[in-house]
Amino acid sequence: MALTLEKEAQQTNGSAGATGAQAGEEFPTPYLGRSVKIVGPHVNVDMNQSPHPKNQRGELGKPLFNWYRNTVSHDPLTRVSAPNHFADRRHFLTNVINRSSNGKVNPQKVAVDDPAAMARHIKAVAHYLGADVVGIAKTHPSFLYAPGGGRYVQDGSAKDEFQSNSPDDLTRNFPFIIQATTAWDYNKLQAHRHQIGDAAYHVSQMKGVMVLKALEGYIKELGYTALRGVVTPQAAGVAGGIGELGRNGLVINKNFGARIHMPDPILTDLPLVADEPVDIGVEDFCKICRKCANTCPTNSIPFGDKVVHNGIEKYKINWLTCYKLRPYVHEYWGSCLTCAAVCPFTKPNVWWHSLATGALHSFPYFARPALVRALKWIDDKFWGVARTNRVRWLGYDSGVKPGDQACTVAGCTASHEGKGASDATSNFGYYAPLKENTNRFVKRDA
Amino acid sequence: MALRFGRAKFPGLGKDSHRNDPYWDFFINRPPADLANTVTEMIRNAPEGNVFPTKSELHTPEITSSHLKGMAEYFGAELIGVVKLDPNENAAGYPFAVICAVHADYDPRQAPGIGGQVPVQNGLFITFVLSSWIRELGFRATAAPEPDAEKLAARAGLGTLSKEGRLITPQFGANVHVANVIRTDLPLAADG
């Protein structure tokens with residue numbers, strides 16, 4: 001099923017013009033670090049063929065369409081923070097911000113004498129606005145969406161006068177991509193596959209949307225153009241040195257691991273200096289670890305080696321089976337996040353975590369497998385092969401099974417219509433592996 | 001929390017670390033040429049949504065109050081207080097006012113740039129999401145800028161008023177921005 005869909009996507013894109021690796025002299029193939037490699041002819045991704053737009057058009061079947069369009073969450077916090085499951089879309093800040101009309105570029109340009117100073121300034125500004133990670137990438141045609149697909153900003157809209165430009169033209173005119181993003185709360189992420197984990201994910205996502213919109217507005221105030229909905233976020237993240245691409249298809253950062261968002265980046269003509277891709281040993285780790293593949297509830301993460309997909313050598317997850325989990329679970333929680341939570345790189349941003357990633361970074365390549373095995377052993381020993389912590393936050397308690405209702409708030413004497421604390425049965429969170437359900441998605445290949 | 005070593009941070013020294021940045025003054029002090037470029041304007045212009053038709057099951061008012069504060073803290077509020085309003089103050093029938101405040105390196109009333117307005121932006125983020133959340137709980141709530149927000153903040157015990165009527169807090173001194181006041185009928189336990 002997935003294969004057919006992807007083939008269709010490639011065929012529809014075929015006429016859009018191949019760019020990237022074959023483009024030759026003018027745009028040399030960029031170095032993306034050790035985790036991803038552009039090896040063959042690359043066809044630019046058509047945004048209309050990505051999961052959410054496909055689902056909006058009902059191409060992924062009725063259950064998914066209904067999940068996307070016709071569900072209202074039981075949880076009040078989810079109704080204000082998660083895309084699509086609100087009762088009133090005016091309560092969803094991402095909608096308010098991304099649907100707002102765009103401001104004009106300031107005609108009075110601020111002169112940039114030293115691009116390096118401007119790059120430092122933009123990073124300081126992004127951090128001051130609330131971003132946790134910022135990276136600047138040099139634009140390459142293969143990072144941009146296929147022309148003709150329009151601009152795509154999730155839960156919003158973007159329009160500009162460069163809509164009909166080809167990726168090559170955009171690259172010539174807008175040489176830099178700014179990716180600024182927020183990280184999820186580590187402690188709440190431990191209760192992923194629960195509303196607490198959803199809160200960690202969705203609230204920081206709203207914050208990230210606000211930060212990027214403010215940064216976009218600021219660049220326009222500086223007198224330069226800022227385009228949204230043009231760039232593949234993962235490519236910008238890897239090329240801009242935010243992290244390396246892991247087996248789980250997520251950009252893994254040295255401070256936060258996989259718990260960062262990859263929102264829609266900014267394409268701009270502001271003179272900057274680009275960052276280099278980083279090496280924090282993700283490449284060596286993913287070859288050995290496979291914790292995400294083992295715990296994925298839908299077996300969507302490969303156990304095998306990297307493959308070449310659309311001219312890019314990387315680990316290829318099965319996005320369709322990953323996406324298909326949602327209608328089965330949406331009554332209880334929204335975002336799975338298992339692969340991000342079990343990733344050994346996902347740790348609090350503290351000194352012992354920096355020590356481990358620093359060691360990985362400075363070890364010679366041949367010695368890294370031994371270090372990875374040691375670190376993975378420590379990770380299995382102290383954090384477990386799956387996350388099983390019980391997390392309580394405000395009225396939420398991940399020890400209560402989804403669907404069950406119980407008030408376990410200490411000191412609460414309110415009557416909740418007979419639902420007492422004794423209804424909470426298990427001693428740990430709802431993380432019993434869902435493996436008994438997984439074969440309905442895809443058979444394990446190892 | 002886990003043991004943490006990092007650069008030592010001293011309150012009030014934040015703005016000095018940008019001394020070598022030639023564009024920092026533009027970021028903080030230059031008023032935007034087009035207000036549509038600012039997130040503050042987008043959130044201010046956003047209409048209020050509906051109250052969810054079914055009321056959520058609540059715990060006791062003390063616990064609801066602590067959950068509300070925990071939620072506001074998670075959204076980024078640094079100081080939160082709940083005030084019980086007198087009958088003559090709540091013409092619209094809101095018995096409580098929720099006050100959220102964030103620290104402000106630069107006084108937003110004197111720094112009109114996008115950077116100078118960052119406390120306002122963070123305050124709007126908090127009050128927008130928090131008041132939406134209360135409405136989704138099934139209770140009425142409205143967030144609006146109020147001229148006597150600092151007086152209400154002092155009544156909620158966030159700090160004391162100076163001679164000029166400005167809020168002085170133990171945590172941030174006068175470098176504090178009081179966000180929009182959320183008036184609500186959610187049953188809460190008042191701080192003052």
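Scan the range B:160-177 and report the pairs whose first residue is surrounded by 14 or more Cβ atoms within 10 Å (Cβ to Cβ) and whose second residue is part of a loop (DSSP other than H, G, I, E, B) and hydroxyl-bearing (Ser, Thr, Tyr), with Cβ atoms within less than 9 Å and a gap of 6+ or a chain change.
Cβ pairs passing all conditions: B:168/B:162; B:175/B:106.
Among the helices (runs of 4 or more DSSP H) lying completely within the range A:179-242, list those that include at least 3 residues that are more than 11 Å from chain B (Cβ to nearest Cβ).
On the way: elements: A:186-189, A:195-221, A:233-239.
The qualifying helices (runs of 4 or more DSSP H) are A:195-221, A:233-239.
Would you be able to tell me the number of residues in the range A:94-111 that are at the interface with chain B (Cβ under 7 Å from one of its Cβ atoms), within 15 Å of residue A:268 (Cβ to Cβ) and of a type in the set (Val, Ile, Thr)?
Selection size over the range A:94-111: 1.
In this structure, is residue A:136 within 30 Å of residue A:42 (Cβ to Cβ) and away from chain B (no Cβ under 13 Å)? Give the derivation first.
Numbers: within 30 Å of residue A:42 (Cβ to Cβ): yes; away from chain B (no Cβ under 13 Å): yes.
The answer is yes for residue A:136.
Looking at B:114, B:99, B:134, which is the one that is at negative phi, in a strand (DSSP E or B) and either more than 14 Å from every other protein chain (Cβ to nearest Cβ) or surrounded by 24 or more Cβ atoms within 10 Å (Cβ to Cβ) (or both)?
Working: B:114 fails: in a strand (DSSP E or B); B:134 fails: in a strand (DSSP E or B).
It is B:99.
Can you work out which of the residues in the range B:49-61 that are within 7 Å of chain A (Cβ to nearest Cβ) and in contact with a helix residue (DSSP H, G or I) (Cβ under 9 Å, 6 or more places away or on another chain) is surrounded by the fewest Cβ atoms within 10 Å (Cβ to Cβ)?
Within the range B:49-61, the subset within 7 Å of chain A (Cβ to nearest Cβ) is B:49-50, B:52, B:56-60.
Going one step further and asking which of them are in contact with a helix residue (DSSP H, G or I) (Cβ under 9 Å, 6 or more places away or on another chain), we end up with B:49-50, B:52, B:56, B:58-59.
Values: B:49: 20, B:50: 11, B:52: 20, B:56: 16, B:58: 19, B:59: 20.
Among them, the one singled out is B:50.
Please find, within the range A:322-372, the residue that is modelled with the highest pLDDT out of those that are among the β-branched types (Val, Ile, Thr) and not in a helix (DSSP H, G or I).
Here is the first cut: in the range A:322-372, the residues among the β-branched types (Val, Ile, Thr) are A:329, A:338, A:342, A:346, A:350, A:357, A:372.
Filter again for not in a helix (DSSP H, G or I), leaving A:346, A:350.
Numbers: A:346: 94, A:350: 91.
The extreme case among them is A:346.
Can you tell me which residue in the range B:84-117 is modelled with the highest pLDDT, limited to those that are touching a Phe, Trp or Tyr at 6+ places or on another chain (Cβ under 7 Å) and among the hydrophobic types (A, V, I, L, M, F, W, C)? Walk me through how you get there before you give the answer.
In the first step, residues of the range B:84-117 are kept if they are touching a Phe, Trp or Tyr at 6+ places or on another chain (Cβ under 7 Å); the result is B:84-85, B:103, B:113-116.
Narrowing further to those that are among the hydrophobic types (A, V, I, L, M, F, W, C): B:85, B:114.
On the way: B:85: 91, B:114: 94.
Looking at the filtered set, the residue picked out is B:114.
Looking only at residues in the range B:25-36 that are at the interface with another protein chain (Cβ under 7 Å from one of its Cβ atoms) and in contact with a Phe, Trp or Tyr (Cβ under 9 Å, 6 or more places away or on another chain), which one is surrounded by the fewest Cβ atoms within 10 Å (Cβ to Cβ)?
Start the filter on the range B:25-36 by keeping residues that are at the interface with another protein chain (Cβ under 7 Å from one of its Cβ atoms), which leaves B:26-27, B:32-34, B:36.
With in contact with a Phe, Trp or Tyr (Cβ under 9 Å, 6 or more places away or on another chain) added as a condition, the list becomes B:27, B:32.
On the way: B:27: 24, B:32: 20.
Ranking the qualifying residues of the range B:25-36, first place goes to B:32.
Quick one: in the range A:97-144, of everything that is touching a Gly at 6+ places or on another chain (Cβ under 6 Å), among the aliphatic types (A, V, I, L, M) and at pLDDT 95 or above, which residue is surrounded by the fewest Cβ atoms within 10 Å (Cβ to Cβ)?
So the residue we want is A:136.
Against the conditions (1) within 22 Å of residue B:45 (Cα to Cα); (2) among the hydrophobic types (A, V, I, L, M, F, W, C); (3) part of a loop (DSSP other than H, G, I, E, B); (4) under 13 Å from the mean Cα position of the chain (by Cα), where does residue B:158 fall short? Just the number, please.
(1)
It is to be established whether one or more residues within the range B:36-43 are among the small types (Gly, Ala, Ser) and over 21 Å from residue A:213 (Cα atoms).
Initial filter on the range B:36-43 (among the small types (Gly, Ala, Ser)): B:36.
Remaining after also requiring over 21 Å from residue A:213 (Cα atoms): none.
No, every residue in the range B:36-43 fails to be among the small types (Gly, Ala, Ser) and over 21 Å from residue A:213 (Cα atoms).
Only one of A:305, A:279 is free of Cβ contacts under 8 Å to residues at least 40 places away in the same chain, closer than 28 Å to residue A:371 by Cα and assigned to a loop (DSSP other than H, G, I, E, B). Can you tell me which? Write out each step before concluding.
On the way: A:279 fails: free of Cβ contacts under 8 Å to residues at least 40 places away in the same chain.
Exactly one residue qualifies, and that residue is A:305.
The values are calculated or read from the model by the stated rules, or taken from the named source; none is laboratory data. What you see is a predicted model; the values in this text were computed from it and never measured. In this analysis, Cβ positions are derived from the backbone assuming ideal geometry, glycine residues included, and neighbour counts consider all displayed protein chains.
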